[in-house]
Amino acid sequence: MVALKRSANRCCVATIETARLLLRPWRDSDVEPWVQMNADPRVAEFFPRIYTRELSESTAQRLRADLDSRVYGWWVVEIRDGAAFAGVVALQEVPFPSHFTPAREIGWRFVPERWGRGYATEAARAALGFAFNRLGWNEVVALTAVSNIRSQRVMERLGMTRDAGGDFDHPRIEEGHPLRRHVLYRIGAPEATSGGANPKADHSDRSST
């Protein structure tokens with residue numbers, strides 16, 4: 001189910017509900033767990049740069065403002081009757097030029113304590129349903145470092161397909177960096193949908209991005 005709530009700047013912000021999760025706008029109380037998540041070395045394994053407290057706080061402010069100004073962006077993922085902050089899931093335009101852009105991408109990031117419970121898959125599937133059914137997007141891509149196998153497994157569980165000729169060097173990562181080489185996954189809008197924003201729970205996920 002998708003609910004549209006009006007934010008302070010008068011834009012309607014979508015809250016997406018699944019069987020176990022809420023994908024919702026940011027709150028002030030989300031900033032500290034976001035900072036702590038980004039500082040965790042397990043989460044930061046595939047970060048090309050260090051997320052200092054200052055960087056995490058400024059990024060949270062920007063992501064919150066972006067989501068409040070339109071109906072998609074970086075949602076906070078909350079577990080129903082559980083953790084108020086389990087991670088984030090995002091829909092956005094790919095923010096750099098490459099051979100496959102312009103394009104729109106999906107991404108996710110979860111606290112390690114919530115890994116292995118299917119939350120990333122469930123949240124991302126709901127976001128894809130929103131992208132196709134509510135935003136009318138024709139295609140969504142996902143990107144990650146070649147070495148990030150866990151994230152690639154989530155992409156495959158979502159029904160995404162790796163673009164065999166799509167591997168690329170990330171233009172925002174310096175030459176020679178071990179994370180510079182990236183893979184590209186794609187998924188197109190289904191011809192007919194039945195409201196993908198409320199999927200069945202998938203408990204097979206064991207990844208975080």
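The values are calculated or read from the model by the stated rules, or taken from the named source; none is laboratory data. Since the model is a prediction, treat every value here as computed from it, not as a measurement. We place every Cβ from the backbone using ideal geometry, glycine too, and count neighbours over all the protein chains shown.
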Next on the checklist: Need the failing condition index for residue 178 against (1) surrounded by fewer than 20 Cβ atoms within 10 Å (Cβ to Cβ); (2) not in a loop (DSSP other than H, G, I, E, B), just the number.
Outcome noted: (2)
Checklist entry - Restricting attention to the range 104-113, which residues are surrounded by 16 or more Cβ atoms within 10 Å (Cβ to Cβ) and not in a strand (DSSP E or B)? => result 111
Item to check | Checklist (1) out of contact with any Phe, Trp or Tyr (no Cβ under 9 Å at 6 or more places or on another chain); (2) modelled with pLDDT of 95 or more; (3) under 23 Å from residue 177 (Cα atoms) applied to residue 38, failing item | outcome: (1)
Item to check | Given (1) in a helix (DSSP H, G or I); (2) over 18 Å from the mean Cα position of the chain (by Cα), index of the condition residue 98 fails | outcome: (1)
Checklist outcome for this item: So, first residue closer than 13 Å to residue 88 by Cβ in the range 34-58, second residue at pLDDT 95 or above and of a type in the set (Asp, Glu), Cβ within less than 9 Å, six or more apart or across chains; the pairs are 34/57; 35/57
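Out of 88, 71, 140, I need the residue that is crowded, with 22+ Cβ neighbours inside 10 Å and either in a loop (DSSP other than H, G, I, E, B) or touching a Phe, Trp or Tyr at 6+ places or on another chain (Cβ under 6 Å) (or both). Which one?
Working: 71 fails: crowded, with 22+ Cβ neighbours inside 10 Å; 140 fails: either in a loop (DSSP other than H, G, I, E, B) or touching a Phe, Trp or Tyr at 6+ places or on another chain (Cβ under 6 Å) (or both).
Answer to the check: 88.
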Next on the checklist: Just the residues that are more than 25 Å from residue 152 (Cα to Cα), assigned to a loop (DSSP other than H, G, I, E, B) and in contact with a helix residue (DSSP H, G or I) (Cβ under 7 Å, 6 or more places away or on another chain), please, taken from the range 22-68.
Outcome noted: 25, 26
Checklist outcome for this item: Checked against (1) at pLDDT below 95; (2) crowded, with 18+ Cβ neighbours inside 10 Å, residue 64 satisfies every condition except (1)
